[in-house]
Amino acid sequence: MTTMLETYSTVTGADVIRHLQQLAELLKGKTVVHVNSTRVGGGVAEILDKLVPLTRELGIDTRWEVITGDSDFYQCTKGMHNAIQGNRITIPDALLNHFLEVNEQNANQLRAVLEEADFVFIHDPQPVALLKYCTNRKGKWIWRCHIDASHPHRRTWRFLDRFVRDYEASIFSLPQFVQMLPHSSYIIPPSIDPLSDKNVDLTQDELDAVQARFSIDRDAPMIAQISRFDRFKDPVGVIEAYKLAKKYIPTLQLVLAGGSATDDPEGEVVLDEVRNAAGDDPNIKVLQLPPDAHRTINALQRLADIVLQKSTKEGFGLTVTEALWKGKPVIGGDTGGIRLQVINFHTGFLVNTPEGAALRIRYLFNQKQKMLEMGVKSKEFIRENFLLTRQLREYLTLMVSLQHGAVDRIELS
Ligand code: UDP
């Protein structure tokens, strides 16, 4: 039977897997526990779903525990999430007290596992206070913040800081998200899973089916932005860029795909703005996709010649990673994590305006060879930097370094 590691080695190369095995050798016999608040849905669960079995295959005893709570608890943690991302939300004290009670109840359930573990990764704010109730912990605890904490609402951050400061380390996704803490903070950006439905290679039949389903013209140039209908993603700016470029590329097609907006009142307003801006142009397809349309999104990213992500504000921008992995140059907004991924003239172009985006669209369609070369570079850039195996390597390195304290040299065998 082929192991997961063997399958990954076909994508990443054997050296990457060997390096993971060398690091894992230093952690043999250790126990690791990841804790978050949901087994399915959202990026954290998606990553842990693969990361935990992969770590186990490396011979490290790794568990994934999920805390439970009631609707008041999740109302509180949703407020915390929004407040960390900068919203001025004051969470009532009663809810904060309830947050602590729920953390204590979960600590009572998980205490034996958590106190015995050598490394505990606590993901996001929901389980952050478990540490307070595991007073006999023997291992190192690491708080892993997946959200944009660059400008947290101060009152909420002060509340969380009381717990976070007692951890041995914290991890943020980007340098600008790091908060002042009395321990070491590590930067570990997110990653994509190359073997997931969103990113796996597709057959020509599957691509043809998606092309036919959305009446995409196979022979005409196509640009796409796949992103929530959110003003910060600037879908209307993408339509402006398309219109400017179309004067020079008359057959140009644009696909704008996002999720269904029914549960997001603002999403619906933005979708209306997008539909108004698109007017009756038959070459603009505005698609509302269900949440599980991973293979469809995969196909649209592969069908496009160029992918846009013209955000004016962005955390990391996984859509950029996904598109680059498919060998597409990305024209992205000059902001947040897009800057880490889009390297001018190598993996795409950073832009600030619809005019800038239109200029780069024209440039790339006029330089087909350059476009293909950039696509090849883009894929290799993601292979090197933003696949799940890189994230796992950094988690292992972090554990090794915490275990060895201040030694200045660690030999891998
Ligand atoms: N996505 C999706 N359906 C959509 C739009 C986006 O599944 O209709 C996915 C997209 O492929 C990516 C994630 O949602 O994996 C969006 O992540 P990103 O970091 O780009 O932006 P966020 O939405 O988190 O701001």
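Data for the structure
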read-out	value
So residue 292, is it acidic (Asp, Glu), surrounded by fewer than 18 Cβ atoms within 10 Å (Cβ to Cβ), within 14 Å of the ligand (Cβ to nearest atom) and within 26 Å of residue 329 (Cα to Cα)	yes
Enumeration of residues in region 363-376 that are in contact (Cβ under 8 Å) with a residue 24 or more places away in the chain and either hydrophobic (A, V, I, L, M, F, W, C) or surrounded by fewer than 17 Cβ atoms within 10 Å (Cβ to Cβ) (or both)	364, 365, 371, 374, 376
Residue 63 vs. criteria at pLDDT below 95 and over 25 Å from residue 291 (Cβ atoms)	no
Answer residue from region 311-329, given it is under 20 Å from residue 368 (Cα atoms) and charged (D, E, K, R) and is nearest to the ligand (Cβ to nearest atom) among those	326
Residue check, residue 339 out of contact with any strand residue (DSSP E or B) (no Cβ under 6 Å at 6 or more places or on another chain), within 16 Å of the ligand (Cβ to nearest atom) and not in a loop (DSSP other than H, G, I, E, B)	yes
Any hit, region 96-103, residues being of a type in the set (Asp, Glu) and in a loop (DSSP other than H, G, I, E, B)	no
Matching residues, region 394-411, being out of contact with any strand residue (DSSP E or B) (no Cβ under 9 Å at 6 or more places or on another chain) and buried (at least 19 other Cβ atoms within 10 Å of the Cβ)	396
Subset of region 240-257 [touching a Ser or Thr at 6+ places or on another chain (Cβ under 9 Å) and crowded, with 24+ Cβ neighbours inside 10 Å]	241, 256
Looking only at region 104-132, and only at residues there that are outside any helix (DSSP H, G or I) and acidic (Asp, Glu), the one that is modelled with the highest pLDDT	118
Test: residue in region 54-74 that is among the β-branched types (Val, Ile, Thr) and part of a helix (DSSP H, G or I)	yes
In region 100-121, residue surrounded by the most Cβ atoms within 10 Å (Cβ to Cβ) [restricted to those that are farther than 22 Å from residue 55 by Cα and among the aliphatic types (A, V, I, L, M)]	102
Qualifying positions in region 19-42 - out of contact with any helix residue (DSSP H, G or I) (no Cβ under 7 Å at 6 or more places or on another chain) and in a helix (DSSP H, G or I)	21, 22, 25
Scope region 236-289; condition within 24 Å of residue 220 (Cα to Cα), of a type outside the set (Val, Ile, Thr), in contact with a Lys or Arg (Cβ under 9 Å, 6 or more places away or on another chain) and within 13 Å of the ligand (Cβ to nearest atom); matching residues	256, 257, 258
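Residue by residue, here is whether (1) within 14 Å of the ligand (Cβ to nearest atom); (2) under 24 Å from the mean Cα position of the chain (by Cα); (3) farther than 26 Å from residue 170 by Cα holds:
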position: 302; (1), (2), (3): yes, yes, yes
position: 309; (1), (2), (3): yes, yes, yes
position: 331; (1), (2), (3): no, yes, yes
position: 367; (1), (2), (3): no, no, yes
position: 383; (1), (2), (3): no, yes, no
position: 389; (1), (2), (3): no, yes, no
position: 394; (1), (2), (3): no, yes, no
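Yes/no per residue for (1) aromatic (Phe, Trp, Tyr); (2) within 16 Å of the ligand (Cβ to nearest atom); (3) surrounded by 14 or more Cβ atoms within 10 Å (Cβ to Cβ):
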position	(1), (2), (3)
14	no, no, no
17	no, no, yes
44	no, yes, yes
49	no, yes, yes
87	no, yes, no
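Residue-wise test of (1) under 28 Å from residue 390 (Cα atoms); (2) within 13 Å of the ligand (Cβ to nearest atom); (3) in contact (Cβ under 8 Å) with a residue 40 or more places away in the chain.
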| residue | (1), (2), (3) |
| --- | --- |
| 189 | yes, yes, yes |
| 192 | yes, yes, yes |
| 207 | no, no, yes |
| 216 | no, no, yes |
| 223 | no, no, yes |
| 234 | no, yes, yes |
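The values are calculated or read from the model by the stated rules, or taken from the named source; none is laboratory data. This structure is a prediction, so every number in the text was calculated from the model and none was measured. All Cβ positions, even for glycine, are placed from backbone atoms using ideal geometry, and neighbour counts span all protein chains on display.
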